[in-house]
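Presented below is the structure to which this report refers.
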Number of protein chains: 2
Amino acid sequence: MVSEKIRSMMDSSSFIRKMFETGAKLKQEFGEENVYDFSLGNPAMDPPENFTKVLLEKAADHHMHRYMPNAGYLDVRGKVAEYISSEQQTVIQANNVVMTSGAGGALNTVLKTLINPGDKIIASIPCFMEYKFYCDNHGGELDLVEGQANFNLDIKKIEQAITKKTAAVIINSPNNPSGRIYPEETINSLASMLTSKSKEIGRTIYLISDEPYRKIVYDGIKVPSVMDAYKNSIVCTSYSKDLSIPGERIGWLTVNPEAEDYISLINRIVLCNRILGYVNATALMQRTVAELQGVSVDIELYRKKRDLLAKKLAEFGYKFKKPQGTFYFFVEAHEGDDMRIVDLLKEERILVVPGRGFSLHGYFRIAYCVKDSVIEGSLAGFKRTAEKLGLKQDNK
Amino acid sequence: MVSEKIRSMMDSSSFIRKMFETGAKLKQEFGEENVYDFSLGNPAMDPPENFTKVLLEKAADHHMHRYMPNAGYLDVRGKVAEYISSEQQTVIQANNVVMTSGAGGALNTVLKTLINPGDKIIASIPCFMEYKFYCDNHGGELDLVEGQANFNLDIKKIEQAITKKTAAVIINSPNNPSGRIYPEETINSLASMLTSKSKEIGRTIYLISDEPYRKIVYDGIKVPSVMDAYKNSIVCTSYSKDLSIPGERIGWLTVNPEAEDYISLINRIVLCNRILGYVNATALMQRTVAELQGVSVDIELYRKKRDLLAKKLAEFGYKFKKPQGTFYFFVEAHEGDDMRIVDLLKEERILVVPGRGFSLHGYFRIAYCVKDSVIEGSLAGFKRTAEKLGLKQDNK
């Protein structure tokens, strides 16, 4: 009686729901402060002080809750465009920007605009697996290719995966779950490969860059601009992570003004944003984030959390690449068994996500956007688990 | 290179864009105050005083912008459930309610949950034509059937349209564009017909009730509850119209607790709300509307606008059924030529929507959710147009 596809998706997605329920049960049984929940990328850090100040100013204006053009307020789009332009060589105008319901809204809008039935969208493993649903929503299919061992893109593998059905490649840097930032030379070789493959297969392969973690980077590493590298590029992002407001669903997308037929492309994107039922990004949040261009939570606080965890996890014998950005560690699972370590950690009331949740068995993800007390409280459990697994402790 | 379907949708939807552009041009040329824009259901009336008061209280809480369960805050859902239960016989619990990104988000979520490829969704003419896109988004097809001359549903026609491919019937009462409220006996016969046809075709036919205008009703008419009439019913709505906040994209849906397999149905709906990229209804607006259950703008102000327009339009010789709810008049186009009258009114700088925008040629829609000055300023133009058309003036 209901969609058979959705019925079967429920079965396959019930694993994460089960973890969520387990977490809720553990919290009920042992008290919230005795459960170390690293499962979700749901920042515990408050938004920057200025966010609430601006929000209150905007909220006091009684008149500003009407429909506006589906792409968003033109002045808001102008402020976003100005900020993007300041970060890269490619100059963006207000009408290149569409305000969206977070990055999830942006990605769905773009995918609906691009996908013809049966088209494929390439993504590199490990990656955020909601992409699979987002492609499927619009009649496309996510085509996963292996990344390098250091979590960088494997351009050769991406190239081999391209067929006449390839509509786009989607990348996410800084990467969830690996914390990897793809270096400029990687973006540049991806761009030249896409240029020559587009010519070869006779269709434009778009590059969709999903960038919600762009501002959450460490050690002075710069996230290269995909726009400067590749003309048929579209950037999708949100303020969820850098302003700690994921519940407010506000973000934007922008199309490279050098993209082929870019005015038609923007117009189609705006139509899709409307007909998917988003209609427009919420009025109040648009007007609020407009005043907060370039503002973010204190990244130094995330760096401290990262460094504490990195030191301790290494001491206990866990193996991982220190994240260059995001608030995730992607740690090797002993003997490649992600479910075993997830279960062992659960016995310590530590909740993490198995690598298979990102299409890469053999790892587990720690989301460290939590209070320091959660990290500190979890350390003994991480240590005991390492001991149970017989990990070789470092420098002890 | 991009979706061919979206490319062709742009062509077919360019008519409304053209009107929008014409409006913008007219306003630029003659000044905004000299253009009488009745084209969009975008309330000019401010939200109720209490809205801004509650919004400021909620916005002052610095901590409340994180992800919450995809269905929304449980306490918010509880307050909505309590209010719905107070309006009808069917008792609704918090977990029957999903907070959504407006009615557009609610409808898309429900349709994705219900539709199997090639399924049809029946709607009665005239209706809000975004339904067509919403069904198509999820692989379904909108199946339009004629209504009665008085804009009531024609149950016989709906019955005749039902096949094994029919997943749902969608109704909208008070109706955009006709202002019609379907009476209780109509809802009851629709319900019994759907019950017997569901049995006959061997699948549940859901009744989706799109109710954003439920509170905008006149003359003491009550909008009957579809839940009380039919067990496999789902209600979708938003606060856009009754709180005058369409730009904020906040609404809800609720599934009848008597619906077959309703817990699975709700779970699937919550999954679809997530994977369509809505993720959750915005945190701040959820918490704000929770405190405003049963509150609305002053409907008496809309009644006065309706009555003034009704009196004047009738005097000038226009023929129409006085709306029982909503803020729309659906007026007969002279000799059935909706485009001619739309063009004539445009010469008077009056913007209205032709009936074909609602799949019913021969009418035009006036959205009177405008300032009184817009109505007053337009009257001379409506009169001159009536004279040009040779309409027979009433009581003069």
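Summary of values
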| item | result |
| --- | --- |
| Shape metrics for segment B:33-133, restricted to C-alpha atoms - Rg then Dmax, Å | 18.3, 50 |
| Backbone N within segment A:26-62 under 18 Å of label point (7 Å from residue A:291 Cα along the Cβ vector) | A:47-62 |
| 0 to 90° range, to nearest 10: angle between helix A:262-275 axis and chain A longest Cα axis | 60 degrees |
| Inter-chain Cβ neighbour average for residues B:259-268, partner chain, 10 Å | 2 |
| Size of segment B:65-290 as Cα extents on the principal axes (Å, biggest first) | 49, 42, 30 |
| Förster radius 51 Å - calculated FRET efficiency between residue B:5 and residue A:34 (Cβ-Cβ, nearest 0.05) | 0.45 |
| 0 to 90° range, to nearest 10: angle between helix B:338-347 axis and chain B longest Cα axis | 60 degrees |
| Using a Förster distance of 41 Å, the FRET efficiency for residue B:74-residue A:298 (Cβ separation, nearest 0.05) | 0.85 |
| Long-range amide H partners of residue A:216 with built H, under 5 Å | A:326 |
| Scattering profile of chain B at q = 0.09, 0.10 Å⁻¹ [log10 I(q)/I(0), Debye over alpha-carbon scatterers] | -0.55, -0.68 |
| Acute angle (nearest 10 degrees) that the helix A:74-87 long axis makes with the longest principal axis of chain A, alpha-carbon atoms | 60 degrees |
| Spacing of the two label points (7 Å from each Cα toward its C-beta) at residue B:392 and residue B:44, in nm | 3.3 nm |
| Projected label distance in nm at residue B:308 and residue A:61, using a 7 Å step from Cα toward the beta-carbon | 2.7 nm |
| Restricting segment A:275-325 to trypsin sites (Lys or Arg not before Pro) in coil, as DSSP defines it, with at most 16 other Cβ within 10 Å | A:319, A:321 |
| Mean Cα-pair separation over length for segment B:65-290, i.e. relative contact order, pairs under 8 Å, 6 or more apart, % | 28 percent |
| Label 7 Å beyond Cα on the Cβ vector: residue A:117 copy-to-copy distances, nm | 0.7 |
| Sorted by Cβ neighbour density within 10 Å, fewest at the top, the residues A:394, B:228, B:219, B:37 | B:219, A:394, B:228, B:37 |
| Residues whose placed amide H lies under 5 Å from that of residue A:37, excluding near-sequence neighbours | A:351 |
| Separation of the residue B:163 and residue B:361 label points, Cα + 7 Å toward Cβ, nm | 2.5 nm |
| Sum of -39500 (n - 2.57) over DSSP H runs of 4+, divided by residues of chain A (222 nm, nearest 500) | -13500 deg cm²/dmol |
| Candidates B:373, B:240, B:178, ranked by Gaussian network fluctuation over chain B, Cα under 10 Å, top entry | B:373 |
| Of A:53/B:53; A:112/A:165; A:53/A:371; A:120/A:199; B:79/B:215; A:215/A:322, those spanning more than 20 Å from alpha-carbon to alpha-carbon | A:53/A:371 |
| Whole-Å semi-axes of the ellipsoid equivalent to the protein assembly as shown (Cα gyration tensor, √5λ, descending) | 47, 29, 25 |
| Vicinal HN-Hα couplings computed from phi for segment A:34-46 (Karplus, 6.51 cos²θ - 1.76 cosθ + 1.60; Hz; Gly/Pro x) | 9, 10, 9, 9, 10, 7, 10, x, 10, x, 7, 5, 5 |
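Computed from the coordinates by the stated procedures, all read-outs in this text should not be read as laboratory data. Remember, it's a predicted structure, so these values are computed and weren't measured experimentally. As a convention, Cβ positions derive from the backbone with ideal geometry for all residues, glycine included, and neighbour counts pool all protein chains shown.
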